[in-house]
Amino acid sequence: MVFSIVVFGSIVNEGYLNSPSESKEFCIYNRNPNACGYGVTVGVLAFLTCLLYLALDVYFPQISSVKDRKKAVLSDIGVSAFWAFLWFVGFCYLANQWQVSKDSLLNEGTDAARAAIAFSFFSIFTWAGQAVLAFQRYQIGADSALFSQDYMDPSQDSSMPYAPYVEPSTGPDTAGMGGTYQQPASAFEPEPQGYQSQGY
């Protein structure tokens, strides 16, 4: 999120210059308005995407549907990989346009232009790393109960630390209970109505 702010902020702030002989501003990247426009657009949209997925990460534990959780993680993988590609294109485009710039006025905004190129480069790895982390989250979820749609009977689970209760089927019934638990008869009697005094 910070990298996208640096990219579009530096281009908006110092990416447009004007010469004394011209009244119209021009882009610092080889006078190509598309280069500045691409940097600003990608930076702003990446910032908004970061905010969206930050909200999704906060909301993720409340998502109860397995399908919705799976869709959220898969969209995180796809969007992160897509943004890594867009930042790669942006880095190449801005670096190329900066390399071929031959303007004498470029001393004024050189730091901002280089900062936008550098943080575009850093954003490639940030978004690619986010895609890798989301893929790992998907793999963990596929192996665990995060995306499990099948109900597993706890008595059939071999990882349980204790054995489930099984009704004895052989041997004499000395207690006369038949191996099952029964509620005492007093447990189902209705409570008396009215005021009851407390004995202390």
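The values are calculated or read from the model by the stated rules, or taken from the named source; none is laboratory data. The model shown is predicted, which means the values in this text are computed figures rather than measured ones. Neighbour counts are summed over all protein chains in view; Cβ atoms, including those assigned to glycine, are modelled from backbone coordinates with ideal geometry. In case anyone asks, the SASA skips ligands and DNA or RNA and just uses the protein heavy atoms, side chains included. Shrake-Rupley method; radii C 1.70, N 1.55, O 1.52, S 1.80 Å.
In this structure, Leu48 does not qualify as free of Cβ contacts under 8 Å to residues at least 24 places away in the same chain, hydrophobic (A, V, I, L, M, F, W, C), over 16 Å from Ser123 (Cβ atoms) and part of a helix (DSSP H, G or I).
Set side by side, the residues Ser75, Ser65, Ser19 differ, and just one is among the hydroxyl-bearing types (Ser, Thr, Tyr) and touching a helix residue (DSSP H, G or I) at 6+ places or on another chain (Cβ under 6 Å), which is Ser19. Which residue pairs have Cβ atoms closer than 7 Å, lie 6 or more positions apart in sequence or on different chains, and pair a first residue in the stretch 129-142 that is within 14 Å of Leu74 (Cβ to Cβ) and open to solvent by 90 Å² or more (accessible area, probe 1.4 Å) with a second residue that is modelled with pLDDT of 85 or more and assigned to a helix (DSSP H, G or I)? The qualifying pairs are Phe135/Ile77.
Of all residues in the stretch 51-91, those satisfying the criterion of being in contact (Cβ under 8 Å) with a residue 24 or more places away in the chain and hydroxyl-bearing (Ser, Thr, Tyr) are Tyr53, Ser80.
Cβ-Cβ distance below 7 Å, separation of 6 or more or different chains: which pairs start in the stretch 104-116 with a residue that is within 8 Å of Ser10 (Cβ to Cβ) and end on one that is part of a helix (DSSP H, G or I) and modelled with pLDDT of 85 or more? If the second residue must be part of a helix (DSSP H, G or I) and modelled with pLDDT of 85 or more, the pairs left are Ala113/Trp98; Ala116/Gly39; Ala116/Leu94.
Number of residues in the stretch 11-36 that are open to solvent by less than 90 Å² (accessible area, probe 1.4 Å) and part of a helix (DSSP H, G or I): the value is 6. Only residues that are surrounded by 12 or more Cβ atoms within 10 Å (Cβ to Cβ), in a helix (DSSP H, G or I) and out of contact with any Leu (no Cβ under 7 Å at 6 or more places or on another chain) were counted across the stretch 55-77, and they come to 10.
For (1) at pLDDT below 90; (2) within 14 Å of Val7 (Cβ to Cβ); (3) not in a helix (DSSP H, G or I), each residue gets a yes or a no:
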{"position": "Trp87", "(1), (2), (3)": "no, yes, no"}
{"position": "Asn96", "(1), (2), (3)": "no, no, no"}
{"position": "Tyr151", "(1), (2), (3)": "yes, no, yes"}
{"position": "Ala163", "(1), (2), (3)": "yes, no, yes"}
{"position": "Pro172", "(1), (2), (3)": "yes, no, yes"}
{"position": "Met177", "(1), (2), (3)": "yes, no, yes"}
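In the stretch 100-117, the condition of being polar (S, T, N, Q) and touching a Ser or Thr at 6+ places or on another chain (Cβ under 6 Å) is met by no residue.
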